Amino acid sequence: MAEGIKNKVAIIGMGCTRFGEHFDQSAESLMVEAFMEALADAGLEKKDIDAAWLSSCFDEVNVGKAAIPLAAALKLPFIPVTRVENFCASGTEALRAASFAVASGACDVALAVGVEKLKDIGYGGLPDFSQLRGAYNRQIFPNMTAPGMFATLATRYFDRYGLSSEEGKRTLAKISAKSHYNGARTSKAHLRREVDVETIMKAPIIAWPLGLFDCCGVTEGAAAAIIVRADKAKDYRPDPLYVKALQIAVSPEEEYRFQEWDGTHVETTVRCAAKAYQEAGVKNPREELSMFEVHDCFSITELVTYEDLLISPRGRAKEDVDAGFFDLDGALPCQTDGGLKSFGHPIGASGIRMVYEVYKQLQGKCGERQLKNPRLGLTHNLGGFPANCVIAVTIWGNEP
Amino acid sequence: MKGIKAYGVSLPYYRLKRETILKAMGWFNPGPAALLGGEKAVANHDEDSLTLAVAAGRNCLSGTDRSGIEVLSLASTTLPYRERSNAGIALAALNLAPECRTAEFTGELKAGLAALTAALGEEVDGSILVCAADCRLGKAGSNNESLFGDGAAAFLVGRDHVAAAFEGSYSLSYDFADHRRIEGERFIRSWEERWIREEAYTKFIPRVIQGLLDRTGLSLKEVAKVILPPLGARDHLALAKSLGLDPGRIQDPLLGSVGFSGTAHPLFMLAAALEEAKAGDRLLVCGFGGGAQALLFRVTEAVNDLKDRTKVQAALAYKEEMNSYAKYLSFKNMLPKEAGIRGEEIAPTSLSLTWREQDAVLRLVGGRCQACGSPQFPRERICINPRCGAVDRMEPYAFSDRTGHLFNYTADHLAYSEDPPNLYGIVDFEDGGRYWFDLTDCRLESLRVGQPVRMTFRRKYRDEARSLCGYFWKATPFRS
């Protein structure tokens, strides 16, 4: 395996807007807010930025195509700016591109900004998928939505492990309740209310067996990060966040087209995590990680991700959920900020928002939900559906 | 000797009880629903005359070699396209060769029998597949609404080893405007029923029967079953009586179970008669509309060689009650309902892409890798098997007749559906191949991981703004 990105770059400044339904704010306004916070956090001026990457996904209803919207919003002075899009992993892709550019020596200070405006479409849920894969899926893909595609993971998982609908739904409800508890303690989250397991169980079904509280919200927001070379990081601040792994894996779609995938896990996560752990030198993630932020677009995604990241044994994540292993006071807290469940999911921004939480936790700045001496944090994005997706896994530490 | 080599039928899964119509519209017009009783077959929201015709054709061809079919005839007054080859779509869905000639019969209600007659007169070496289907619309509360049902029938016509030998036909053609529908109109308009009965039904049909008997030198006594098309609830009984036929010698008009299925109806009844017939029986089938027509068949010993003689029975038994009249109106596109912005979002259809991907979209033909043997859908250049990856080694592989098993599923309330929640899941085909499909003719409660499913050709979407409908395949549970 290649040498990798480990300890080559560090984050020295981050910003994140409050996530929510920003009917009163444009994408431009959200980008400026996240950028200004990051700039102030890093103690830099705009002229210090050498290059920038913008991530956004649904360009039809969001900022549009190309990188001009970022350059124009921030009035960046004719520097290289690139837009990246890779479904829900878009934010992590922007971070990855900025990190690789700095590591290569192509620039010294790189900016990654992710943004998504989704609420200008006039209806709930994500924008219609009928052209998600060009004209092709109009003709042959099922008439599906994200909750439905992830729900199929749940029906299969419940069947495979002999969970009744009630048992399965209760396990998933515990995951959502935990995230809502954490989200209630996070000022920038969209949904800041604790929700109990019984309420979650009784909520209206969105896509069987997933109910309303099994689904993350559709939200707007922006997040930003400023990256420099690791060996220069302490020149900017005493507590930078050092990169340990930045991995992307993309499914060749054999999962839903070849009879091998078992339908109870996300194969692409398994592949991506293995590379990330190798890059970071993590041998036993269950023991070595201090915290992790996973792509809990749906509660079932979080359940299988526990297993796919090799934290819970295959088929036994339920035991860890029942034992409170992932709670804020558990052995390995997950979604300490409330995750997508509480933040919602402005697609282009989410990956950077997750790193924002790791950054703040490792700096000890999380107040009521602050963990004790966290050292190593992981983030995970899933773009697409369980059977065909883009996965991002990043690992970060507070020591070089 | 020309005749019928095989038959097939198709009915939609749903039945609307006339009592349900009466409850909803009886205040307005109690007559027809009360008089007819029983139920009628109602197409699902993803079915139309074209998909029903395809289903009947597939039912007819089950277990039959398709390579000898030289002509495909499609008869209906309610095909989706006024211009574009409906039969071309059906031909592909039936996975027939493009060299197969197509013909469409429409406009007059006897178009079904006209297509069958034309097939019997074809001078080809191979066989002819005739599919007739109709989904005719009556306005809410009308007699026609109660009378009409949706259905389809198909016959394979050829020269040798025929189950029913063709003995002759007789036809009368008039501009008798009992029913009509003009360009741009969706509903059938009718003239007074008494006039239709007195001036045409009771005159034309006896004339074509007598004409046919005279032409063939037979008497009505030598005919085992007479298939009289229904007019109202009981007109066929009075007509039978006037012809001296006791009720046992006329075929059940299926008004209480199917309703009157237009051009398909005499063919459907003929299929039912053939299913019950024994070798040596003579079957006389009549069609009515724009005049009348009668055809005579003699059932042969080969009828005993038909692999499946429960097709009509099975179609009649395959059903679920649609207990909402509002849902019926909605499925028939007669109820403007709030689809919401998501429901109104209809992405444009690229017809050049449709053409390029016709094997996948219409035929459900994927590929089978000649290097590793893995069936796969859709067909791509590089094999999907992670341990193969052979390039350009695919041969065509049809999935439409293969049994699948439901790998996973959901009921999606967020996706816009004409019948929410939308059901879909991944299907594993026996012998290999996996893909995700919409599910139809079922409900969430009936779904289980691993259950057997079969493929059915359906309308995937309707884009009224661009005058298009898209067709594709869905999975549906096997029912015993």
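A few comments on the model shown:
For every residue, the table says whether it meets (1) outside the structural domain of B:GLY38 (by TED's automatic domain parsing); (2) surrounded by fewer than 13 Cβ atoms within 10 Å (Cβ to Cβ).
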position: B:VAL312; (1), (2): no, no
position: B:SER324; (1), (2): no, no
position: B:GLY343; (1), (2): yes, no
position: B:THR349; (1), (2): yes, no
position: B:CYS369; (1), (2): yes, no
position: B:GLY373; (1), (2): yes, yes
position: B:PHE377; (1), (2): yes, no
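- Extreme residue, surrounded by the fewest Cβ atoms within 10 Å (Cβ to Cβ), among residues of region A:342-400 that are basic (Lys, Arg) and out of contact with any strand residue (DSSP E or B) (no Cβ under 9 Å at 6 or more places or on another chain): A:LYS372
- Extreme residue, nearest to the other protein chains (Cβ to nearest Cβ), among residues of region B:428-454 that are farther than 25 Å from B:SER330 by Cα and under 25 Å from the mean Cα position of the chain (by Cα): B:VAL453
- Considering only residues in region B:461-480 that are surrounded by 14 or more Cβ atoms within 10 Å (Cβ to Cβ) and at pLDDT below 95, the one that is farthest from the chain's Cα centre (by Cα) turns out to be B:ASP463.
- For region B:154-172, the condition holds for no residue, the condition being that it is at pLDDT 95 or above, surrounded by fewer than 20 Cβ atoms within 10 Å (Cβ to Cβ) and in a helix (DSSP H, G or I).
- Considered as a group, the residues in region A:265-278 that are among the polar types (S, T, N, Q) and surrounded by 23 or more Cβ atoms within 10 Å (Cβ to Cβ) include one that is nearest to the other protein chains (Cβ to nearest Cβ), and that residue is A:THR268.
- Residues in region B:415-452 that are modelled with pLDDT of 95 or more, of a type in the set (A, V, I, L, M) and part of a loop (DSSP other than H, G, I, E, B): B:LEU447, B:VAL449.
- Matching residues, region A:218-251, being more than 13 Å from every other protein chain (Cβ to nearest Cβ), closer than 28 Å to A:GLY183 by Cβ and not in a strand (DSSP E or B): A:THR219, A:ARG237, A:ASP239, A:PRO240
- Meets criteria (assigned to a helix (DSSP H, G or I) and touching a strand residue (DSSP E or B) at 6+ places or on another chain (Cβ under 8 Å)) for A:ALA273: yes
- Options B:GLY425, B:GLY432; residue that is farther than 18 Å from A:PRO142 by Cβ, crowded, with 17+ Cβ neighbours inside 10 Å and not hydroxyl-bearing (Ser, Thr, Tyr): B:GLY432
- Yes/no for B:ARG215 being over 30 Å from B:ALA317 (Cβ atoms) and assigned by TED's automatic domain parsing to the domain that holds B:ALA292: yes
- Residues in region A:121-157 that are under 27 Å from A:HIS22 (Cα atoms) and modelled with pLDDT under 90: A:ILE121, A:GLY122, A:TYR123, A:GLY124, A:GLY125, A:LEU126, A:PRO127, A:ASP128, A:PHE129, A:SER130, A:GLN131, A:LEU132.
- Residue match in region A:192-206 (condition: modelled with pLDDT of 95 or more, assigned to a strand (DSSP E or B) and not charged (D, E, K, R)): yes
- Inside region B:211-236, residues that are closer than 30 Å to B:ASN143 by Cα, out of contact with any strand residue (DSSP E or B) (no Cβ under 8 Å at 6 or more places or on another chain) and in a helix (DSSP H, G or I) make up a count of 1.
Yes or no, residue by residue, for (1) within 21 Å of the chain's Cα centre (by Cα); (2) within 9 Å of another protein chain (Cβ to nearest Cβ); (3) free of Cβ contacts under 8 Å to residues at least 24 places away in the same chain:
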position: A:VAL102; (1), (2), (3): no, no, no
position: A:VAL115; (1), (2), (3): yes, no, no
position: A:ASP128; (1), (2), (3): no, yes, yes
position: A:PRO147; (1), (2), (3): yes, yes, no
position: A:ARG156; (1), (2), (3): no, yes, no
position: A:ASP159; (1), (2), (3): no, yes, yes
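- The set of residues from region A:9-21 being out of contact with any Gly (no Cβ under 6 Å at 6 or more places or on another chain) and either free of Cβ contacts under 8 Å to residues at least 40 places away in the same chain or crowded, with 21+ Cβ neighbours inside 10 Å (or both) comprises A:VAL9, A:ALA10, A:ILE11, A:ILE12, A:GLY13, A:MET14, A:GLY15, A:CYS16.
- Residue list for region B:321-349, restricted to those being within 14 Å of chain A (Cβ to nearest Cβ) and either out of contact with any Phe, Trp or Tyr (no Cβ under 9 Å at 6 or more places or on another chain) or part of a loop (DSSP other than H, G, I, E, B) (or both): B:GLU338, B:ALA339, B:GLU345, B:ILE346, B:ALA347, B:PRO348, B:THR349
- Residue identified as in contact with an Asp or Glu (Cβ under 7 Å, 6 or more places away or on another chain), assigned by TED's automatic domain parsing to the domain that holds B:ALA314, among the basic types (Lys, Arg) and surrounded by fewer than 20 Cβ atoms within 10 Å (Cβ to Cβ) among B:LYS241, B:LYS139, B:LYS225, B:LYS203: B:LYS139
The values are calculated or read from the model by the stated rules, or taken from the named source; none is laboratory data. Being a predicted model, the structure only gives us computed values, none of them experimental. All Cβ positions, even for glycine, are placed from backbone atoms using ideal geometry, and neighbour counts span all protein chains on display.
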